[in-house]
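Report on the following structure.
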């Protein structure tokens, strides 16, 4: 058997397991990997090693054969059907339906999150959020390279200080933005190695405001 499994059927089975755990964080802890690793597997942007595959099967109470191939018993996984994988209690294709998103490789196309969690904890509209992968270390240690930022696309105009995703053509950058006494905006990273910049509000193109960051443990 191959040491990596990244086909769509595997991702469907992984989504079923995610539903059983209720949160990506709980599943990641059980498997012994980062939240970001789970996101990459379910989006097809990363490949679980054989050891991670075994740990995932053990955490979910399923056989490695079922997890890798779909054959054999699925253990305690309930509702092994395509319809259950698209449960209305979860939000799929986060950001994919938003046509205003730039064609950037930093946009994570598929993540499953509970819709009630998004509403209750973040007050977010699942139809207007995107997941953006951080590139570089300018926001370290707050946001490290490879972390995934849940971004509210409704907040595409600066209203108050916070962390935003800035867009420039097809490139995205995550920065902290602060209003200065003269009305100008200070754009900076949390890493002191990078110099901040001061710009006028009309010079910034914002994709949205960062509400939550999913990173490595």
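Each value in this text was obtained by applying a stated rule to the coordinates, not by laboratory testing. Keep in mind it's a predicted model, so treat the numbers as computed, not measured. Quick reminder, even Gly has a Cβ in these numbers, built from the backbone with ideal geometry, and neighbours come from all protein chains shown.
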Taking 0.36 nm per intervening residue step and subtracting the Cα-Cα distance, what contour gain separates residue 23 from residue 182 on full extension?
-> 52.9 nm
At R0 = 41 Å the Cβ-Cβ FRET efficiency linking residue 193 and residue 7, nearest 0.05, sits at 0.50
The simple spin-label model distance between residue 202 and residue 170, using points 7 Å out along Cα→Cβ, in nm, is 2.9 nm
At what distance in angstrom do the alpha carbon centres of region 36-56 and region 172-217 lie from each other?
-> 31 Å
Residue 50-residue 159 pseudo-label distance in nm [points 7 Å out on the Cα-to-Cβ vector] | 5.3 nm
